[in-house]
Amino acid sequence: MTALALQSTVPVTVSTGSRGLVNERQRSLLMAKARTLWVLVAFVLVGMIAALRIAYLGTTGPSPREVRLADLLTPQRGEIVDRNGAPLARDFRVYSLWFNPKAMTEGEPLIHSPKEIAAGLARIFPDIDQDEVIEKLSSGKAGYIRKSLLPEDANRVHELGEPALEFPLETTRYYPQGSLAAHVLGYVDSYGHGKVGMEQYFDKELVSPEGRSAPSVISIDFRVQSALEDELAKGMALSEAKGAAGVVLDVDTGEVMALASLPGFDPNHVKPNDMVVTPEEAKQGEVPKGFNRATNQVYELGSTFKPITVAAALDAGTVTNLARRWPAAPLHVGRFTIKDSHAMGDSLNVPETLIHSSNVVTAQIADELGGERLKAKLKTLGMNTRPAIELPARGFPIWDNGKWRRLRTMTVSYGHGVAVTPLHLATAYAALVNGGMWRPATLRKLSAGEVPEGRRVFSAATSARIRQLLRMIVLYGTGRKGDAPGFRIGGKTGSAEKPGNGGYRHHSLISTFAAAFPMDKPRYVVIAMMDEPKGTAATSYQRTAAWNAAPVVARVVPRIGPLLGIMPDETRDIDISDLKPLIPHEVSEAEE
């Protein structure tokens, strides 16, 4: 190639390369600008969406302050308090002991052997089941070893030097009064759901925003509850009874001041056998500790029904003269014989009938009244339906819906043939003494405007007479051991054999004392019931209510009276002067 030819080709090559480089730069610049533009557009869109979301929440959603209070400061479940504000159930932050087999990413899940760890934990928690711990650790499955640790115990576990033992901080339901009022409160299960008592009844309310921020107030007074449970436990121990129940009820409002069932359970540590019994135990008539004897178990409550029968006869006009006398000899009705526990003389009037607790005369009073009227009266007292109370555990009465024959009417008159709960009896006695008005029992604290009007069951005149008669039973009859100086207690004892396979179990009694105080102006009903008491030295080897249930009330009332604003006053009492001439000057202490 010549030099001229070489010179002619060079400019062409250089010129073409420059234009290519320029074009490439332009394309890169345009692409960079486009990308920048898209990024800016994306930022603008995100900003607009965020602004719209903020505007939406600002106009329709909860304010930031409300969210913080509801989600961060308030408990997951609301507090339950007694009528005076004392805490009965609340959420509490605690440590738990958790086994995490994947705590270490390499090697074995445990540094020490399961046996060594179990032994170390037993030194910290003496009640722990070492075999159970060894089994859990050996399984290699994650799970709780123990709940609700104290911080100092968590530190001691940490000193064992086992990474697989972890301490998650969790919210648990805590009952600061322990087992007190356990059957009223119930408990919360591992899924956070309320069970058995007011925890179940209030379940939705307690997890609502309103329920979490303000306590749920119940009618119970924990001081009264404590006294009732304490004295029932003493009564159980003294009579070696298998169980007990009690109620303290405001006669004018229906508010339950205390409601107890023994033996109890600890809602802080609910065990499986607290809520269920084995089939063998069920066949023997056993019930779990969580079973509420006051509202869920029905009993034939014996002679405590006699004042109700007399009140029904007074209202109906079949008894108009309390001095009238009925024969007291054993009463033959078909193939059956109604008799009293001991001879009470040839005849008895109404005051003597209740003072001595005569089945025979009460049966005759009911016979004149008639089954239809007695049945109707018991229906107005709610004894044919489940008890009126917020608790989910409410027993259905054993009740004959058909026409009551003569014998049925007579036996029901003295508390046999109909089975109801102690709470049924409490609301009935409230109507007997408060002027004749029946109101449903409630575990909600009521304001003055919330008290139900109720329904009239007895006339005011009948209620006034029954108050006199109940006081006379305590002064002169089977209720003597239920009296407390200055508190003007009136009441009626009742002891009934428990039914079983093939008939009544003659050696198993339900002993009950139904009382009210002060009888010159009744304020509260108190029920004490003993399930299968035994005759012991402490009860003079007697099993009837006069010797075990009545003394419980005599000890409870002086403890709770001052707490409820009722001070002892021995200068006053209900006037029974018009009835005193109807009873002998010397009245022996009778038994059912």
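The values are calculated or read from the model by the stated rules, or taken from the named source; none is laboratory data. Please read these numbers as outputs of a predicted model, since none were measured by experiment. Because the Cβ atoms are built from the backbone with ideal geometry, glycine has one as well, and the counts that use them run over all protein chains shown. Quick note on the areas: whole protein, heavy atoms, side chains included, nothing else; ligands and nucleic acids left out. Shrake-Rupley method; radii C 1.70, N 1.55, O 1.52, S 1.80 Å.
A few remarks follow.
- Within the stretch 181-219, being aromatic (Phe, Trp, Tyr) and without any contact (Cβ under 8 Å) to a residue 24 or more places away in the chain holds for one residue alone: 191.
- Tally of residues being out of contact with any Phe, Trp or Tyr (no Cβ under 7 Å at 6 or more places or on another chain) and crowded, with 19+ Cβ neighbours inside 10 Å across the stretch 556-565: 2
- Residue 207 falls short on exactly one of the conditions (1) of a type in the set (Val, Ile, Thr); (2) modelled with pLDDT of 90 or more; (3) open to solvent by less than 50 Å² (accessible area, probe 1.4 Å), and that condition is (3).
- Criterion: in contact with a helix residue (DSSP H, G or I) (Cβ under 7 Å, 6 or more places away or on another chain) and over 24 Å from residue 512 (Cβ atoms) - qualifying residue of 463, 495, 447, 459: 459
- In the stretch 127-144 there is no residue matching the filter, namely being under 30 Å from residue 211 (Cβ atoms) and touching a Gly at 6+ places or on another chain (Cβ under 8 Å).
- Within the stretch 395-418, the set of residues being buried (at least 17 other Cβ atoms within 10 Å of the Cβ) and part of a loop (DSSP other than H, G, I, E, B) comprises 395, 397, 399, 404, 414, 415, 416, 417, 418.
- Screening 252, 340, 315, 230 for residues that are modelled with pLDDT of 95 or more and over 27 Å from the mean Cα position of the chain (by Cα) leaves exactly one candidate, 315.
- Qualifying residues in the stretch 220-239 (those that are part of a helix (DSSP H, G or I), under 11 Å from residue 177 (Cβ atoms) and of a type outside the set (Phe, Trp, Tyr)) - the one most open to solvent (accessible area, probe 1.4 Å): 223
- One residue stands out in the stretch 344-394 among those that are over 36 Å from the mean Cα position of the chain (by Cα) and on the phi > 0 side of the Ramachandran plot: the one that is surrounded by the most Cβ atoms within 10 Å (Cβ to Cβ), namely 370.
- Qualifying residue in the stretch 307-317 (condition: without any contact (Cβ under 8 Å) to a residue 24 or more places away in the chain and in a loop (DSSP other than H, G, I, E, B)): yes
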